[in-house]
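Visitor: This structure is in structure tokens; I'll ask about it shortly.
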2 protein chains.
Amino acid sequence: MPSSINAIIDHYSAQVDAQLDAILPPATGAAEQLFAAMRYSVFNGGKRLRPALCFAAADAVAESDANSAKVAAALEMIHAYSLIHDDLPAMDNDDLRRGKPTCHIQFDEATAILAGDGLQSLAFQQLTELETLPAPLVVELIAMLSRLGGCAGMVTGQAIDLAATGTALELEQLKEMHAHKTGALIEASVLMGATATGQASKEQLNALSEFARAIGLAFQIQDDILDVESSTEQLGKQQGSDASNGKSTYTSILGLERARREATELFDHSIQALQCFGEKADPLRAIAGFIVQRNH
Amino acid sequence: MPSSINAIIDHYSAQVDAQLDAILPPATGAAEQLFAAMRYSVFNGGKRLRPALCFAAADAVAESDANSAKVAAALEMIHAYSLIHDDLPAMDNDDLRRGKPTCHIQFDEATAILAGDGLQSLAFQQLTELETLPAPLVVELIAMLSRLGGCAGMVTGQAIDLAATGTALELEQLKEMHAHKTGALIEASVLMGATATGQASKEQLNALSEFARAIGLAFQIQDDILDVESSTEQLGKQQGSDASNGKSTYTSILGLERARREATELFDHSIQALQCFGEKADPLRAIAGFIVQRNH
């Protein structure tokens, strides 16, 4: 296992990318455009943060393996589908993602809608191909992904966000929204990675859940901080784009300094939650550090 | 078991509706609009054809039960999500379905996209709640739904349809498109209903697969016939709306008379496929008759 955060992320990314390439249909045949759009959106230079958390959680409990790669691929496909649909004109109406045209710009809106739908189906199909795991464990993994990626998590968070745009949120409402919108899939990544080893104890899963909730929230606070800082430095104005879109953010509610302190406290809390794993959780610790220290 | 087709469909519908009401989140809380949109689209007066096929296949093999209702609910949620997304402005741009505003008209586009996404997640979640079935069977059911409702079926069929609009298809291409777009989920309905009894033999599944492929195709041919006939009678013109949209149809390729003959032959073939089940397949036979004789 490499020790620098970039090397850790590259190490895990190479494995999930190979698995994604294996499960995604080749872009040929009568539905060529659909499959090309799915591949375009999955291989878009993303950080593979959720796969990294999945592998690192597996390494904390036992040792990551081919099953970790399949679970990581399923998580990344759910993440990719949510970005495709979020970018649509009726949602956030974004033309660019990571400097490249979004799916509906590169292809068209209809193809983007279907590419998202197809990626969600394929994520669940991927989990049914965990042939070396006991079937009850496979069902448990599918239950986690369908809940935390769906109506008990991500999809509901997106809906809460939509409903809240233009209204000022209290801190607790903002936390509830983010706990669903981004936190749930981050928690799923850690819990599913650990569960798929077949060796995670109840105590370990509870510790990982606490870790995931803390870094999930820290991830979002850091996003809001970066939104303000990059606007201030690059655009020369105090307000970030979220604030000017009428969205409540951690920085708009807490102010920049308290938001920074909160992110640091959450980071400390996430590290404490990993105590029981000893040095086996070093990759998880490195990823947590990356989340709160990243500048993009 | 009632014997008239309407009574059979009502008998099965009541069971799947109760299950759908149990699994769909109540339309309250911060994501109230999302859950209201999901319920609106699921309870839209649909015929519940896929649930009926699921229950009837279970009755052909053994006896339909509470597990059949869960599988039927999952199938209907996949069907409902596909209709919500198909109706979107970027896809078929339909304002009405069954005489009522489509989901994006009644709510808004963003909510409609999310309602479809949430219904797909919830369909898989529903299958993980088949607690009384052996886990390997649950995994098999999820594999069937993710493949036939996704990239090996429905989603791919929709993409083939999109790619083909405006170009004239050969008969074999048209069949391939419909086999994916509507046939795959009809086949899934029958196979999953039978599989969830835990008593289906390989031979029975093969017979049901042959039945499903025949009636799936007959269903689409009858749709195309109704499109022409209702246009001729109600609008006073020869061309149906599909033909005027530049879509190839069975009637545009075969003509009305040959299309009618083909539908009848497929019906006969579907009935022959059921021979091994004796009178236990009477509900399936009644549904097949309904499919080719319906006038709406």
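Visitor: How many nm separate the modelled label positions at B:Gln199 and A:Asp65, each set 7 Å beyond the Cα in the direction of the Cβ?
Guide: According to this spin-label approximation, the distance is 3.8 nm.
Visitor: Magnitude of the Cβ-charge dipole of the stretch A:5-293, K/R +1 and D/E -1, about the Cα centre, nearest 20 debye?
Guide: 140 debye
Visitor: Grab the other residues whose beta carbon is less than 10 angstrom from that of A:Ala188, score K and R as +1, D and E as -1, and report the net.
Guide: It works out to a net charge of +1.
Visitor: Which entries in A:Lys175/B:Lys70; B:Lys47/B:Lys70; A:Lys247/A:Lys280 show an alpha-carbon gap greater than 28 Å?
Guide: A:Lys175/B:Lys70; A:Lys247/A:Lys280
Visitor: Let me know the mean shielding of B:122-134 by other chains, meaning the per-residue number of their Cβ atoms within 10 Å of its Cβ.
Guide: What the average comes to for B:122-134 is 5.
Visitor: Another question, then. Does the stretch B:137-295 come out rounded, prolate or oblate by the C-alpha gyration tensor, with a ≥ b ≥ c the root eigenvalues, rounded set by a/c under 1.5 and, if not, prolate when a/b is larger than b/c and oblate if not?
Guide: Here the stretch B:137-295 falls in the oblate category.
Visitor: Also, I was wondering about something else. Which residues' amide hydrogens lie under 5 Å from the amide hydrogen of A:Arg97, considering only partners 5 or more residues apart or on another chain, with H built in the peptide plane?
Guide: So A:Arg97 has HN proximity to A:Thr102.
Visitor: Ok, one more. Just to check I understand the Karplus step: with θ = phi - 60° and J = 6.51 cos²θ - 1.76 cosθ + 1.60, what whole-Hz values come out for the stretch A:165-175, glycine and proline as x?
Guide: 4, x, 10, 7, 9, 6, 3, 5, 5, 4, 5
Visitor: Per DSSP helix of 4 or more residues, -39500 (n - 2.57); summed, then divided by the residues of the protein assembly as shown. What does that give at 222 nm, rounded to the nearest 500?
Guide: -21500 deg cm²/dmol
Visitor: Could you grab the relative contact order for the stretch A:5-293? Cα pairs under 8 Å, six or more apart, rounded to a whole percent.
Guide: 21 percent
Visitor: When the Karplus curve 6.51 cos²θ - 1.76 cosθ + 1.60 is applied with θ = phi - 60°, which whole-Hz ³J(HN,Hα) does each residue of the stretch A:127-136 get, with x for Gly and Pro?
Guide: Result, ordered by residue: 5, 6, 9, 7, 5, 8, 8, x, 4, x Hz.
Visitor: Using the Cα atoms of the protein assembly as shown, I'd like the radius of gyration and the largest Cα-Cα distance, Dmax, both in angstrom.
Guide: So, for the protein assembly as shown, Rg and Dmax equal 24.9, 79 Å respectively.
Visitor: Can you give me the Cα centroid spacing of the stretch A:132-146 and the stretch B:199-217 in angstrom?
Guide: 28 Å
Visitor: Still on this model: Across the stretch A:277-285, in residue order, what do the Karplus-derived ³J(HN,Hα) couplings come to in whole Hz, using 6.51 cos²θ - 1.76 cosθ + 1.60 with θ = phi - 60° and x for Gly and Pro?
Guide: Coupling constants for the stretch A:277-285: 8, x, 6, 5, 8, 4, x, 4, 5 Hz.
Visitor: Collect residues whose amide H, placed 1.01 Å from N in the peptide plane, falls under 5 Å from the amide H of A:Gly150; neighbours closer than 5 in sequence don't count.
Guide: It is A:Val155, by chain and number.
Visitor: Could you give the spread of the C-alpha atoms of the stretch A:60-175 along their three principal axes, from largest to smallest, in whole angstroms?
Guide: The principal-axis extents, from largest down, are 47, 39, 23 Å.
Visitor: Taking amide H atoms as placed 1.01 Å from N in the peptide plane, list the residues 5 or more away in sequence, or in a different chain, whose amide H sits under 5 Å from that of B:Ser248.
Guide: Answer set, sorted by chain and number: B:Gly166, B:Leu169.
Visitor: Turning to a different aspect of this structure: Determine the sum of side-chain charges near A:Ile105: Lys and Arg each +1, Asp and Glu each -1, restricted to other residues whose C-beta is under 15 angstrom from that of A:Ile105.
Guide: -4
Visitor: Another question, then. Would you mind estimating how fast the stretch B:5-293 diffuses translationally, via Stokes-Einstein at 37 °C and 0.692 mPa s with the Kirkwood radius over Cα pairs, in µm²/s?
Guide: Calculated translational D: 169 µm²/s.
Only the coordinates and a few stated rules stand behind these numbers; no lab work does. Note that the structure is a prediction, hence the values are computed from the model and not measured. Virtual Cβ from ideal backbone geometry, glycine too; neighbours counted across all protein chains shown.
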